[in-house]
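Input: a single structure, listed below in structure tokens.
The values are calculated or read from the model by the stated rules, or taken from the named source; none is laboratory data. Only a predicted model underlies this, so the values are computations on that prediction, with no experimental measurement involved. Every residue, glycine as well, gets a Cβ built from its backbone with ideal geometry; the counts of neighbours run over all protein chains shown.
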Amino acid sequence: MGYESETMTGGAARARALPRHTLDKWRRLPGPVRWGGAAVAAFIVLWLGYGTLFGGESITYRTQTVVRGDIELTVTALGSLQPKEYVDVGAQVSGQLDTVHVEIGQQVKKGDLLAEIDARVYAAEVAGARARLADLQSQLAGAEAELVLARRQFGRNTDLARIDAVSRDDLDTSETLVQTVAAKIGSLKAQIEQQKSTVEAGETNLSYTKIFAPIDGTVTSQTALQGQTLNANQTAPVVMQVANLDTMTVEAQVAEADVGKLRAGMPVYFTTLGTPDRRWASTVRQILPTPEIVNEVVLYTVLVDIENAGVVLMKDMTAQVFFLLDAARDVLIVPVAAVSERRDGIPIVTVMTDKGPRPREVEKGLANRINAEIKSGLAEGETVVTGTMAAGATASGGSRTRRVGFF
């Protein structure tokens, strides 16, 4: 909408502005004084007219043209872009980061080898565990052979005992030997199972020395460097981050005064600092219930997902987010400064005419902090008053000036 101005000369404005009670007091003055005052008043009027003719002080109206357009009622917030799906890839074993096979920005597939930790210590532990397992299995085989022999001896002694060919002590000893060897076999089997677990744990730790991509995505950061020693005894150190950049999430921070107006599924659009003229449209996915308090300001995080075709949107970009509460399309709009209300609440707009500014009742629709929708009472192309400028001020931006005076 183009800016315009309308001006009324200062002399006319001051003359029309004389208060009635001032005229009444003048009429009650004695004749000579009144007529003397009349002469002074005539001089003042002539001076005002002279000022009008020669460009004296004036009142300038700010105006704008009624146009058609769109008007939106929104809640605005700032946010940052993050990948919807990402994994902080960590090390599950301690050791020196021996080799890093990828670089930041590289595309990877699930299962690709990303990095390797020095595996010599873990390989030695596995070899030792396997040797101990083999020893236990050999002992078990020997004990089982002993058990076979002990059972045979006990059987023969049992047969001999029936004809009193063996003493009772020899019979008891052979029976005890069977039980002892059987118990030894049970102990060895338990030790073998335990050692198998030790071997499996060692093999697992050995496998952890090779770090693989958990998802398809892009390497977005690398925290640990090749040659760095990682300590995984307390927390798993992060080596790098792999993120799927095909879908991004805007994490918008919304003030507690506005979050009650939002709901999941409502339309939303945002712009970025790099592309302020491009709108990215989506809907609200979720409003997180736990706020973040920053400098005693309570902010709620609202999540908005957006498809990232061509990977134009990048991690940690700043987004200006607009949550659309209501909208009116292709309607007559005027600046909100042009609309006022009478005491009965009826909206009034001052329209510039050939005879000067004239008030007019209108029907107002949707309004935001900048513009208001006019449903009836105005026509496209009419000029409305939005305010006044200081006396002597110059209108800019394609203004036009109209003077109305006594002379």
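Does Q234 qualify as being outside any helix (DSSP H, G or I) and closer than 20 Å to V108 by Cβ? Answer is no for this residue. A Cβ distance below 9 Å, combined with a sequence gap of six or more or placement on separate chains, defines the contacts here; from the range 348-362, residues that are under 12 Å from T383 (Cβ atoms) reach residues that are of a type in the set (S, T, N, Q) and exposed (fewer than 15 other Cβ atoms within 10 Å of the Cβ) in the pairs V349/S340; T350/S340. Scan the range 108-134 residue by residue and report those that are buried (at least 19 other Cβ atoms within 10 Å of the Cβ) and in a strand (DSSP E or B). Selection gives V108, L114, A115, I117. Applying the condition of being part of a strand (DSSP E or B) and in contact with a Gly (Cβ under 9 Å, 6 or more places away or on another chain) to the range 185-226 and asking which residue is nearest to G128 (Cα to Cα) yields I211. Note on the range 358-374: residues that are surrounded by 14 or more Cβ atoms within 10 Å (Cβ to Cβ) and either assigned to a strand (DSSP E or B) or charged (D, E, K, R) (or both) amount to 9.
With respect to the stated conditions, L160 fails to be in contact (Cβ under 8 Å) with a residue 12 or more places away in the chain, of a type outside the set (D, E), assigned to a helix (DSSP H, G or I) and surrounded by 12 or more Cβ atoms within 10 Å (Cβ to Cβ). Every test in (1) of a type in the set (S, T, Y); (2) under 30 Å from Q226 (Cα atoms); (3) part of a helix (DSSP H, G or I) is passed by T99 save one, and that test is (3). None of D330, D305 is among the charged types (D, E, K, R), at pLDDT 95 or above, part of a strand (DSSP E or B) and farther than 30 Å from Y61 by Cα except D305. Taking every residue in the range 137-154 that is more than 11 Å from T180 (Cα to Cα) and pairing it with any residue that is of a type in the set (D, E, K, R), at least 6 positions away or on another chain, the pairs with Cβ-Cβ distances below 6 Å are F154/E175. Only one of the numbered conditions (1) modelled with pLDDT of 95 or more; (2) at positive phi; (3) acidic (D, E) is violated by D135, and that is (2).
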